[in-house]
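Asks: Got a structure here, written out as structure tokens. Questions coming.
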Amino acid sequence: MYSTSRSQSNDKVNTEVQSAIYSIEKFESVAEIDTVNVFELLQFINASKLIHKLRGYVEKYSGDLKVRPVTKKPTGVSAFLNTLQGKETTETETKSKENKEDICNNPLIFIISFLESLKSKSADGRIFINPGPTVGQGTIKFLLMNPAAYFHDIVKEARSVILAGGTMEPISEFRDQLFISAGAEPERIVTFSCDHVIPKENIITRIVTQGPTGVKFEFNYQNRENKELLNELGRTLKNLCNIIPGGVVVFLPSYNYETSLYKHLEVTGVVAKISEKKKIFREPKLASQINAILDSFADTVKKPTAPQNGAILFSVVGGKLSEGLNFSDDLGRCVIVVGMPYPNIKSLELQEKMKYLNENVKPGAGNEYYENSCMKAVNQCIGRAVRHINDYSTVILLDRRFSNKTKSLPGWIQRTLEVHNTFNSTIGDVAKFFAAKKKKFNFL
């Protein structure tokens, strides 16, 4: 499957390509590496310890890459690599003006990992080419379409296989795409889910279908710039910040949406209003800035300056703060998820994955994967709070579509889940929740 601006015959590379998808076999042919024995190459790299030997040279001579003009039209591998820049020839002294950060101490690790992926069966993987406007911004990505291929021998030979995790809901795709596709009999598959360690009274979850003035919450693509909806979201956040102590973490669907929302809230004066109660922090795009933001957020929550009662952190679903980081105790007294973070349906990667699942797993498996991708991301966000038995928090899901996805939420969330069609009901419950905790724990 290809997605190019113009088609070309044979294996020649279209230098005006915007993006492309290749099977492993086709990729090797287009890149003219089909004559290279990848198995022998990787064996040589490992045996010679090439990565370790070259690391010193990489560190010594690393710096800004300058691409000089070429006088000869590139062919073969050179032409293929030039498609990553979206140009037939390179420009003089091309540099990225954006701030960059080190991705890895040794970038060769990524190259070797990519070469390892080329050992997969051609039908089980796809190569995605995403060009960039300049050097260092294009990407080559391998996506494994059939994880069951690596699981088949385990399922066949092992007497028992245990797959354990902390945030695995919804689990239907584990069953269908991993175990059954690997040859496991359905009756062999047993699902066991533990309850959360915290008592029921330490968590409340509310799905809020509309805001304070009755505007319906549906943060889909068509409504993302709806001023009336953005105003209602601003009023909602302002009201919640007035009654919630400590830290509030707001998860938004994307960085672009976070940027546009924040600008709107600034213009309408909501940022100033929220700042009266909570200092505002925003998730940075660079990973190198995360620790500084988190430290400042934690310091503000622990030692707020009157009249502020804590801090609010605007984050992104699937970003650097939605997985792996803990907002325990006062850092996460409320987790707010704005909208349902569906992946971009126009993404070539997603379309290819859904097509593969529909054709090779079962009809409808692609749409199930699409729906589950959204809810898994939501569940990851929810799991950032309540990290120990004495912790307590509130979870607010702002979108009426969540009311149709309650079964995809973790069991420990469902036990206190309520769908509210009026915002006053939510405010009342949240206020009572923290009033009870204030009486019990005697916090200010």
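Quick note: the coordinates plus some simple rules give every number you see, no bench work behind them. The shown structure was predicted, so the numbers you read here are calculated from the model rather than taken from an experiment. Reconstructed Cβ throughout: ideal geometry from the backbone, glycine too, with neighbour counts over all protein chains shown.
Asks: Take residue 132 and tell me if it is among the small types (Gly, Ala, Ser), touching a residue at least 40 places away in the same chain (Cβ under 8 Å), over 30 Å from residue 332 (Cα atoms) and in a loop (DSSP other than H, G, I, E, B).
Replies: Yes.
Asks: So, one more: Looking only at segment 224-250, how many residues end up being within 18 Å of residue 378 (Cβ to Cβ) and surrounded by fewer than 19 Cβ atoms within 10 Å (Cβ to Cβ)?
Replies: 1
Asks: Only one of 179, 110, 142 is of a type in the set (Phe, Trp, Tyr), surrounded by 17 or more Cβ atoms within 10 Å (Cβ to Cβ), within 23 Å of the chain's Cα centre (by Cα) and not in a loop (DSSP other than H, G, I, E, B); which?
Replies: Going through 179, 110, 142 in turn, just one is of a type in the set (Phe, Trp, Tyr), surrounded by 17 or more Cβ atoms within 10 Å (Cβ to Cβ), within 23 Å of the chain's Cα centre (by Cα) and not in a loop (DSSP other than H, G, I, E, B): 142.
Asks: Report, ordered by the first and then the second residue, all pairs with beta carbons closer than 8 Å, sequence separation of six or more or different chains, a first member in segment 359-371 that is closer than 12 Å to residue 176 by Cα, and a second member that is outside any loop (DSSP other than H, G, I, E, B) and hydroxyl-bearing (Ser, Thr, Tyr).
Replies: As it stands, the answer is 366/356; 368/172, since those pairs meet every condition given.
Asks: Could you count how many residues in segment 315-329 are over 21 Å from residue 340 (Cβ atoms) and not in a loop (DSSP other than H, G, I, E, B)?
Replies: 1
Asks: Can you give me the number of residues within segment 378-406 that are surrounded by fewer than 21 Cβ atoms within 10 Å (Cβ to Cβ), touching a residue at least 12 places away in the same chain (Cβ under 8 Å) and in a helix (DSSP H, G or I)?
Replies: So the answer is 6.
Asks: Here's something else I'd like to know. Condition first: under 16 Å from the mean Cα position of the chain (by Cα) and at positive phi. Now tell me which residues in segment 311-357 satisfy that.
Replies: Within segment 311-357, 318, 324, 339 qualify.
Asks: Kindly indicate the residue of segment 256-275 that is touching a residue at least 12 places away in the same chain (Cβ under 8 Å) and closer than 15 Å to residue 220 by Cα and also surrounded by the fewest Cβ atoms within 10 Å (Cβ to Cβ) among those meeting that condition.
Replies: By that ranking, first place goes to 260.
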